Structure formats: structure tokens, C-alpha cells
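Trainee: The structure is given below, and queries will be raised subsequently.
The values are calculated or read from the model by the stated rules, or taken from the named source; none is laboratory data. Just so you know, these numbers come straight off a predicted model, no measurement behind them. Virtual Cβ from ideal backbone geometry, glycine too; neighbours counted across all protein chains shown. All accessible areas refer to the heavy atoms of the entire protein, side chains included, with ligands and DNA or RNA removed. Shrake-Rupley method; radii C 1.70, N 1.55, O 1.52, S 1.80 Å.
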Amino acid sequence: MSSIYRSKALLDIFRQGLCYFDQVQTRNMLGDRLSYIGMSDIGRYLDCPREAIFTKLNPSYNSLSEQLALQRGHWFEEGVGNVFKSLGMRLLPQLEIDCRPDGIPLKAHIDFALVWDKPTLAVRVLEVKSMSVLPDAPYSAHEAQVGGQTSLLHEYWQNPVFSLRDSKGCILDTHLTFPEICNRHLGIRLPEKPEDVSIEGWLLCLSMKDATAFGPYNYDKDLLQTILQNAATFWTQLQDVQRGLLSLEELSYAQGFHPLCQYCKANADCPKFKVGSFDSSWEAILSILDEHKQVRSGLDTRIKEIEAVIKNVCILSGNSDWIDTGGHRFRLTQTKGRRILDRDLLHDQLADLFHGLGIEDMDVDGFIASCEKESDPSSRLTINQIR
């Protein structure tokens, strides 16, 4: 038996193990996900109702890459919990809020609720996200999730809808109010009103090399109302699709460019990508181009890693002269940052200038726009794999 075949067999065994572990963990920690609407479901639904309902009905992550991305998030959560515990912080992991607004089964699973009573009474809702590349700004679905969790905790503070499980999914306590569960498991006495406590939500995004945080997210009555309305619509449509009263083609979908469309498992027949003709002769060249772009992406990442190592060594050594390696020479130099126009600052200064001249009716935004120049149009080739 060749080593290549055996290595593939080992990877397949590993993949199957990840899939089985995911099924067990999901069942133990989240239960039957078709029996309720979760906050992550709502986040996806706000992005694309069609994709959210399809994924809810077909929750399959069978490839090794998908399972690694999924499980990495669970591994990060466990590590984050250990970090906070090592600092002596008191927290509630996997806190569940099980409520039924207007009869809609809605559940929120909070990764961590950090609670302390000194120097002030405070609760921090922490949602942990694992990502290959850290974003410059939080995704709207993630913001809806952590904002919704924070608002639900505030809204149902004194309702017996909170439950706590251990790492294996066994229920430790259920049907308690939030102050009751904090008193019983953390020894912290919280007031009856959430308004007397500092409550914030935070999004912690982790990659294999770095981390970033977004927040704070506070109690938002309008956001909560939006979430509850969408949960009701989601639940109704989910039931109708299951009963055959509604098809996926009748559901609304993400409009315009959306970066997650290429990863959607239901993009093969999505109305967004309806085409006027079928021509298989393009498939070969598009596959080659897509493969080359993936290779380039990997090379770009590796190049940046090596450059970062060389730069750090040069900085630590303090050497700014040319270094001769025999076949190459190199040195580290500093360049000035790119100059950009701060439009907000320009707007404020022009507004002050016009005000000083007694010109109060000047449209500052229009004035700035009249000085802008539009470049020539360009074309962009977008290629998505059909799944």
C-alpha cells in the first residue's frame, strides 16, 4: 500500500472523527436545532433568509477544511475560558437563554458571561469568533448576534429562562433568573433591575496569529425588536418549507455583492445567479484560473510571513545597513506613511471657515463633491464555485 494512499486514509479517519465529534457536541450543547431559532440563525437570516433556512435544514460540514474551521472555534472557546479562569475572573460559560416571545421558540447561547461586583457591578457578554483573517470591521451578522444576546439578557433579567451546562452538555441548573444563577454559581448578588448594572457585549475575534475586539454593544430596544420580528418570520418560513408550503426559490436572498455568497451551500440554483445560457467550454479555464488564484493567495500569505520574520530580526538587531548574503543583499528601511485626505476633518474646517465668513447656507458636502474627480471605469471578474 503506497504512503500517499495511507496518508489520505489517515486524513479521512481524522475528518470522520471531527464530523462525529461535531454531531455529538451539537446534540449535547445545543440540542435539536430545528426545534428553535438561535441567535446565530438570526444573524444569518438578516444577511440572507434563503441561505439561513437552507443551512438550518441541511447543517452539513463534511469536508476536512470545513470541520477544521468549525472545530477551531470550539477549541478557541475552551482556551479563552481557561485564560479568564487563570486570572481569577468569575464567568458563566455556555449560558443559555430560553425564551418564547409571542410563542416563538428562541434561544441564545452566550459563549461567556463575565460577572464581577467590584469595583462596580458589571456583566460582560463575550462572543468568541474564530477567523482565518481578522476583519477591519465586524460582520453585521456577528454584531446582530452579540447585540441580540446582550439585549436579551437585559430584557429577561428577572425571568426564569436561564440555564447552565457543563462542558459535556449536562444541565447544571435551569429555569433560573440571571441574578439567581449568578448567586448560586458565582456567589455574586446582583440587583433585581438590570439598569443598576453595567451590561455590555463584546465580540472577540481570533485568528491563529492575532486577535481583535469589537464593542461595546449595549441594550438596544430597536435591535431587539428587529430580532424578535425576524425570529417570528424565520420560524414561520422554516415551518412552511418543512411542510412543503414554501420553496427556497420563494425566499428573499442577499442583494448585491456579498463575500459569503461563494461559500453558500445553496448557491447552485440561487435566483441571484440566474444565467441566460449554459456553456461548459468555460469550465476548464475558470477552474485553472481559480486554482492559480488560490495558490497565489497561499504564496502571498507565506511571503508576508517570511518578510515579517526578516523585518523583526533586523529591528531587534538594530542593523540598518546593507547585508550581503552572497547571492542577495538586503536592508530594512522606513518609509513615510501614505498621505490621504481626511474628509471629515476637511468638512469641519470648511464649515468653520464658511461660518466665519458669514456664509451659513453653504452645502459643504456638495462643495467637496464638486471638487472630486472620478477615474475611468474598470471591470472586475467574479468567479464563484457552484456548490
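Trainee: Throw me the Rg/Rh for the stretch 168-308, computed over C-alpha atoms with Kirkwood Rh, two decimals. Display every interim value, and only then the final one.
Mentor: On the way: Rg = 24.0 Å, Rh = 21.9 Å.
Reported Rg/Rh (Cα atoms, Kirkwood Rh): 1.10.
Trainee: Which cross-chain or sequence-distant (5 or more) residues have an amide H under 5 Å from the amide H of Ile323, H modelled 1.01 Å from N in plane?
Mentor: Phe330, Arg331
Trainee: I need the Kirkwood Rh of the stretch 92-160: take the reciprocal of the average 1/r across all distinct C-alpha pairs and report it in angstrom.
Mentor: On the way: mean 1/r = 0.0737 Å⁻¹.
Mean inverse Cα-Cα distance, inverted, gives 13.6 Å.
Trainee: Let me ask you something else. Checking a compactness column here: for the chain, what do you get for Rg(Cα) / (2.2 N^0.38 Å), N being the number of residues? Please list the in-between numbers first.
Mentor: On the way: Rg = 26.1 Å, N = 387, 2.2 N^0.38 = 21.2 Å.
That ratio works out to 1.23.
Trainee: Given Lys304/Lys373; Lys129/Lys304; Lys56/Lys118, which pairs have Cα atoms separated by over 31 Å?
Mentor: Details: Lys304/Lys373 34 Å; Lys129/Lys304 24 Å; Lys56/Lys118 42 Å.
Where the Cα-Cα span goes over 31 Å, the pairs concerned are Lys304/Lys373; Lys56/Lys118.
Trainee: Something else about it: Counting DSSP beta bridges in the chain, what percent are antiparallel, to the nearest 5? Kindly include the intermediate steps, with their values, before the conclusion.
Mentor: Numbers: 26 of 37 bridges.
DSSP beta bridges in the chain are roughly 70 percent antiparallel.
Trainee: Sort Asp22, Asp324 by accessible area with a 1.4 Å probe, largest first. The partial results should precede the final answer.
Mentor: Working: Asp22 25, Asp324 115 Å².
So, going from the largest accessible area down, we get Asp324, Asp22.
Trainee: How long are the semi-axes of the equivalent ellipsoid of the stretch 249-332, taking √(5λ) for every eigenvalue λ of the Cα gyration tensor, in whole Å from largest down? Could you put the intermediate results ahead of the total?
Mentor: Details: eigenvalues 443, 64, 13 Å².
Three semi-axes, in Å: 47, 18, 8.
Trainee: Starting from the eigenvalues of the Cα gyration tensor, five times each then square-rooted, give me the equivalent ellipsoid semi-axes of the stretch 4-115, largest first, whole Å. Can you show the working numbers first?
Mentor: Values: eigenvalues 154, 105, 26 Å².
Values for the stretch 4-115, descending: 28, 23, 11 Å.
Trainee: Once amide H atoms are placed 1.01 Å from N in the peptide plane, what residues at a sequence separation of 5 or more from Ile199, or on another chain, have their amide H within under 5 Å of its amide H?
Mentor: Close amide H contacts, sequence-distant or interchain: Val123.
Trainee: Which of the GluC sites (Glu not before Pro) found in the stretch 124-197 are in a DSSP loop and have at most 16 neighbouring Cβ atoms, other than their own, within 10 Å? Walk me through the numbers before you get to the answer.
Mentor: Working: sites: Glu127, Glu143, Glu155, Glu180, Glu192, Glu195; in loops: Glu192.
Loop-located and lightly packed - Glu192.
Trainee: Dividing the alpha-carbon Rg of the stretch 260-387 by 2.2 N^0.38 Å yields what? Working shown, then result.
Mentor: Numbers: Rg = 25.6 Å, N = 128, 2.2 N^0.38 = 13.9 Å.
Cα-based Rg divided by the globular estimate yields 1.84.
Trainee: Also, I was wondering about something else. Convex hull volume of the Cα atoms in the stretch 304-354, per residue, in Å³?
Mentor: Working: hull volume 7.1 nm³, N = 51.
It is 139 Å³ per residue.
Trainee: At q = 0.12, 0.18, 0.21 Å⁻¹, what log₁₀ I(q)/I(0) does a Debye calculation on the Cα points of the stretch 122-200 give, no solvent, two decimals?
Mentor: -0.43, -0.86, -1.04
Trainee: Related question: Counting every Cα pair in the stretch 65-104, what percent are over 11 Å apart?
Mentor: Roughly 72 percent, rounded to a whole number.
Trainee: Here is a further query. Starting from the eigenvalues of the Cα gyration tensor, five times each then square-rooted, give me the equivalent ellipsoid semi-axes of the stretch 202-247, largest first, whole Å. Intermediate results must be reported in sequence, preceding the final value.
Mentor: Values: eigenvalues 226, 69, 4 Å².
Taking √(5λ) for each eigenvalue gives 34, 19, 5 Å, largest first.
Trainee: Apply the membrane-span-like helix rule to the chain: whole DSSP H runs, Cα extent along the own long axis of at least 30 Å, mean Kyte-Doolittle hydropathy at least 0.0. List the helices found.
Mentor: Details: long enough: 3-30 (39 Å, -0.13); 64-86 (32 Å, -0.40); 221-242 (31 Å, -0.21); 283-317 (51 Å, 0.16).
Counting only whole DSSP H runs, the qualifying helices are 283-317.
Trainee: Continuing with this model, one more query. Tell me, what is a quarter of the convex hull surface for the C-alpha atoms of the stretch 278-322, in nm² with one decimal? Don't skip to the answer; put the middle values down first.
Mentor: Working: hull surface 17.3 nm².
Result: 4.3 nm².
Trainee: Over all distinct alpha-carbon pairs, what is the Kirkwood Rh of the stretch 156-250 in angstrom? It would help to have the intermediate numbers written out before the result.
Mentor: Numbers: mean 1/r = 0.0581 Å⁻¹.
By the Kirkwood definition, the hydrodynamic radius is 17.2 Å.
Trainee: Taking 8 Å as the Cα distance limit and 6 or more residues as the minimum spacing, I'd like the relative contact order of the chain as a percentage.
Mentor: Values: 445 pairs, mean separation 57.8, N = 387.
Relative contact order here is 15 percent.
Trainee: Then there is this: Can you list residues whose amide H is under 5 Å from Asn159's amide H, if they're 5+ apart or on another chain and H is modeled 1.01 Å from N?
Mentor: Phe178
Trainee: Roughly what % antiparallel, to the nearest 5, for the DSSP beta bridges in the stretch 60-207?
Mentor: The antiparallel proportion sits near 70 percent.
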